[in-house]
1. Whether any residue in the range 219-228 is among the aliphatic types (A, V, I, L, M) and either outside the structural domain of I341 (by TED's automatic domain parsing) or touching a residue at least 40 places away in the same chain (Cβ under 8 Å) (or both) is what I want to check.
2. If you check E358, E343, which single one turns out to be modelled with pLDDT under 90, within 29 Å of the chain's Cα centre (by Cα) and part of a helix (DSSP H, G or I)?
3. For G102, work out the one condition from (1) modelled with pLDDT under 90; (2) in a helix (DSSP H, G or I); (3) closer than 24 Å to Q127 by Cβ it doesn't fulfil.
4. Any residue that is in the same structural domain as D12 (by TED's automatic domain parsing) and not in a helix (DSSP H, G or I) - is there at least one of those in the range 110-123?
5. Within the range 101-136, how many residues are closer than 25 Å to T32 by Cβ and either in contact with a Gly (Cβ under 9 Å, 6 or more places away or on another chain) or not hydrophobic (A, V, I, L, M, F, W, C) (or both)?
6. Is it true that E28 is out of contact with any strand residue (DSSP E or B) (no Cβ under 7 Å at 6 or more places or on another chain), in contact (Cβ under 8 Å) with a residue 24 or more places away in the chain, surrounded by fewer than 13 Cβ atoms within 10 Å (Cβ to Cβ) and acidic (D, E)?
7. Is one or more of the residues making up the range 273-287 over 24 Å from T204 (Cα atoms), assigned by TED's automatic domain parsing to the domain that holds A207 and modelled with pLDDT of 90 or more?
8. Quick one: which residue in R174, R201 is among the basic types (K, R), in contact with a strand residue (DSSP E or B) (Cβ under 7 Å, 6 or more places away or on another chain) and modelled with pLDDT under 75?
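The values are calculated or read from the model by the stated rules, or taken from the named source; none is laboratory data. Quick caveat: nothing in here was measured; it's all calculated off a predicted structure. Reconstructed Cβ throughout: ideal geometry from the backbone, glycine too, with neighbour counts over all protein chains shown.
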Amino acid sequence: MSNKQSSILVVDDEPDNVILLEELLTSEGYITISANGGKEALEIARNSHPDLILLDVMMPEIDGFEVCHRLRQNPQSKTIPIIFLTALDDENSKLKGLELMGDDYITKPFNTRLLLAKVANILQLNQIRSQANKSQNTQQTNRQSHLQLLAALKINQHLSEKFRLFVPEQFLSRIASQGLDSIQLGDVAEEELTVLFCDIRGFTAIAESQNARDTFKWLNSFFQQMSACISAHQGFIDKFLGDAIMAVFDKHKCHSLNALKAAVMMQENLKEFNANYEKYNLKEPVKIGIGIHTGIGVIGTLGSEKRMDSTVIGDVVNTASRLESLTKTYGCSIIASEPVISEIEKCKNNCQTGEYIEDKFSRINKEEYSDTQLQNNNNLYSEQIYYRWIDKVTLRGKQKATNIYELLGTENKIIEAEKISNLSIFKKGIKGWQVGKFRAALEYFKQVKRQNSTDTIASLYVERCREKLGKEEGRGKKEEERGKKEEGRRLLSQKNLNLMKFDE
């Protein structure tokens, strides 16, 4: 800071002293401001904030010591350097000036060179201190900003992790690819995926039989078990619907296979959960039904600007829900649609022909992976899946009938061992039913029933075959009676004709 940039307030009740000091300081390039008393000095210091104050002590109304005291009490002026310039030469006055935090004490008459040297030194020292304080404040501010930024990042990371508990990563990668702030209402992505619906049987009756806390306790434990199965097969939970789960599988190619394997694992984990059902104040083991469908769905944000939700909508969702409802009708645990089974067969054929399955986000190629790794990857899709055709139905709200299948398990996880053991017999019964050979079909289904009396679907087809055979017998009797009547009419006509010939 140059002298021309430094302003000095001269405070003295003697005009001659003021003029002398102003001329001396101005000649050195300083800017001067004058005050003829303590009151005026306080007002100027408050408004103009000079770089230095030359302060006389003996003044009417407010003396220099009081002015210094007040300046040091004011946060805006407490750092302004002050040099006492006074005729008081006693030690007590000098001591008082230092106690009031004056920067220097010069007695009149003063040596001009000494005064100018002290003024220059104090201004320079104050400049150094000011720069040091500014640097220190900047460093402290930067340090505090850095700490605040780290704290904010930590909080943001924590909030993001918590946020992901409500909105899965698979949703965020689509609706918040540029960060959480980029989420907007109506962001959508259309793609093929597989939806799994899981529902607890008789939940209403269970909830009525226990208090809400007990229900929450076992539900959370149940959902924990089921969620682990879904995550293990690269799926994610879209939402929990009270006692139901809607899960989505979007792995490129064979996401339907992942859904089926997850469903089998869910039934397996349910056995573990039910092993201790009594500790949850449940009267009997929990039962579930699962529906699975593959189709086109839209993933995105739905709702309003003030309240939105991430979800999947489309026919694929409705169909999976309808299939889950059919598990009650057919008395089975898992029903899959024809597109799901078709996708599985396609994956199986790919494995048999050596076509490698590619991941949507990390393409597998021989340059990056060894043949062993490629083979291991394909082995994931070569596991035997057990299922059986059970019916062709028109789902509620649909116009076209579709084939539905019961999932029985996988090579490594069998959930319906008895149904798998007589699967070939059941298939023969179904084939007979489909081509209209109801009597043969009936015998096959009866054989299935003898081996597994709890097979509700076999029982269903026993009744259906009997109904068809009963109708055939009824039609046979009617045709026989019609034939007898026609033969009677023919004989009567012949008899009448013979009589007419006799009369002639």
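1. Within the range 219-228 (the criterion being among the aliphatic types (A, V, I, L, M) and either outside the structural domain of I341 (by TED's automatic domain parsing) or touching a residue at least 40 places away in the same chain (Cβ under 8 Å) (or both)), the answer is yes, since at least one residue qualifies.
2. Values: E358 fails: part of a helix (DSSP H, G or I).
Answer to the selection: E343.
3. Failing condition for G102: (2).
4. First pass over the range 110-123, keeping only residues in the same structural domain as D12 (by TED's automatic domain parsing): 110-123.
Adding the requirement that they be not in a helix (DSSP H, G or I) leaves 110-111.
Yes, the range 110-123 has at least one match.
5. Summing the residues that are closer than 25 Å to T32 by Cβ and either in contact with a Gly (Cβ under 9 Å, 6 or more places away or on another chain) or not hydrophobic (A, V, I, L, M, F, W, C) (or both) in the range 101-136 gives 18.
6. On the way: out of contact with any strand residue (DSSP E or B) (no Cβ under 7 Å at 6 or more places or on another chain): yes; in contact (Cβ under 8 Å) with a residue 24 or more places away in the chain: yes; surrounded by fewer than 13 Cβ atoms within 10 Å (Cβ to Cβ): no; acidic (D, E): yes.
Considered against the rule, which asks whether it is out of contact with any strand residue (DSSP E or B) (no Cβ under 7 Å at 6 or more places or on another chain), in contact (Cβ under 8 Å) with a residue 24 or more places away in the chain, surrounded by fewer than 13 Cβ atoms within 10 Å (Cβ to Cβ) and acidic (D, E), E28 comes out as no.
7. no
8. Details: R201 fails: modelled with pLDDT under 75.
Exactly one of R174, R201 is among the basic types (K, R), in contact with a strand residue (DSSP E or B) (Cβ under 7 Å, 6 or more places away or on another chain) and modelled with pLDDT under 75, namely R174.
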